[in-house]
1. Give me the pairs, please: first residue somewhere in the stretch 16-32 and among the small types (Gly, Ala, Ser), second residue anywhere and outside any helix (DSSP H, G or I), beta-carbon distance under 6 Å, and either six or more positions apart or on two chains.
2. Out of ASP105, ASP81, I need the residue that is among the charged types (D, E, K, R) and over 20 Å from SER157 (Cβ atoms). Which one?
3. With the requirement that a residue be under 11 Å from VAL57 (Cβ atoms) and free of Cβ contacts under 8 Å to residues at least 60 places away in the same chain, what does the stretch 115-127 give you?
4. Which of the following residues is out of contact with any strand residue (DSSP E or B) (no Cβ under 6 Å at 6 or more places or on another chain) and modelled with pLDDT under 90: GLU15, GLU74?
5. Take the residues in the stretch 98-136 that are touching a strand residue (DSSP E or B) at 6+ places or on another chain (Cβ under 6 Å), surrounded by fewer than 18 Cβ atoms within 10 Å (Cβ to Cβ) and of a type in the set (D, E, K, R); name whichever of them is nearest to ARG38 (Cα to Cα).
6. State whether the residues of the stretch 58-69 include one that is touching a strand residue (DSSP E or B) at 6+ places or on another chain (Cβ under 6 Å) and closer than 23 Å to VAL36 by Cα.
7. Can you spot a residue in the stretch 82-97 that is basic (Lys, Arg) and either within 15 Å of the chain's Cα centre (by Cα) or at pLDDT 90 or above (or both)?
8. Within the stretch 1-41, how many residues turn out to be assigned to a helix (DSSP H, G or I), among the aliphatic types (A, V, I, L, M) and over 21 Å from the mean Cα position of the chain (by Cα)?
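The values are calculated or read from the model by the stated rules, or taken from the named source; none is laboratory data. Computed from a predicted model, the values in this text were never measured in an experiment. Please note: Cβ atoms are built from the backbone with ideal geometry, for glycine as well, and neighbour counts cover all protein chains shown.
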Amino acid sequence: MRRVTMSFDDELLAELDAFLQKSGAASRSEALRDLVRRGLGQVALDGKATGDCVGVVSYACHQSMRGLARRLAESRHDLHDRTIATTTAPLDHDTAIEVTIMRGDARELHGHAESLFLERGVMHGNVSLIPVEPQRDTHAHGPGRPRAHLHLKVRESF
């Protein structure tokens, strides 16, 4: 790890210290690393990041909106090879929250999420992209024989 010296005005430093307390970070350095990762992730949300990622797409949707459930399901099926899991939980009599975990190229997943958020009846959409690097390895998990398989190594940034 490399050391970086930074200067802050008193007001911004007070905000950083307040964030440190709320977040439970052990130090200013840890808090800043967290904020930088989040900020860089926000850049990825602008659709500029490229590369492999795991994405978490969440939104609230009106269950009673005509055809919406079908369109949302079709959008997942269109990317069935990218969809890892989806869960839906009711929030009230008309609204549910849906969360989908996907894997693929950052631009592709971001574009898919944005198209979902434009659907009539979808609100409060959010997408979080986690940069990963696929790594093929051969080893055993447990008592079985070693076999070649893929692991996703989480990267610091895109």
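1. Partner pairs satisfying both residue conditions: ALA31/ALA25.
2. Numbers: ASP105 fails: over 20 Å from SER157 (Cβ atoms).
Step by step, each of ASP105, ASP81 is checked, and only ASP81 is among the charged types (D, E, K, R) and over 20 Å from SER157 (Cβ atoms).
3. The initial filter retains those residues of the stretch 115-127 that are under 11 Å from VAL57 (Cβ atoms), namely 115-117, 122, 125-127.
Hits for the stretch 115-127 are SER115, LEU116, PHE117.
4. On the way: GLU74 fails: modelled with pLDDT under 90.
Sole residue among the options that is out of contact with any strand residue (DSSP E or B) (no Cβ under 6 Å at 6 or more places or on another chain) and modelled with pLDDT under 90: GLU15.
5. If we take residues in the stretch 98-136 being touching a strand residue (DSSP E or B) at 6+ places or on another chain (Cβ under 6 Å), surrounded by fewer than 18 Cβ atoms within 10 Å (Cβ to Cβ) and of a type in the set (D, E, K, R), then GLU133 is nearest to ARG38 (Cα to Cα).
6. Checked the stretch 58-69: at least one residue is touching a strand residue (DSSP E or B) at 6+ places or on another chain (Cβ under 6 Å) and closer than 23 Å to VAL36 by Cα.
7. At the first step, the residues of the stretch 82-97 found to be basic (Lys, Arg) are 82.
With the extra rule that they be either within 15 Å of the chain's Cα centre (by Cα) or at pLDDT 90 or above (or both), the set shrinks to 82.
Yes: one or more hits.
8. First pass over the stretch 1-41, keeping only residues assigned to a helix (DSSP H, G or I): 10-23, 28-41.
Narrowing the set further to residues that are among the aliphatic types (A, V, I, L, M) leaves 12-14, 16, 18, 20, 31-32, 35-36, 40.
If we keep only those that are over 21 Å from the mean Cα position of the chain (by Cα) too, we end up with 12-14, 16, 18, 20.
The total comes to 6.
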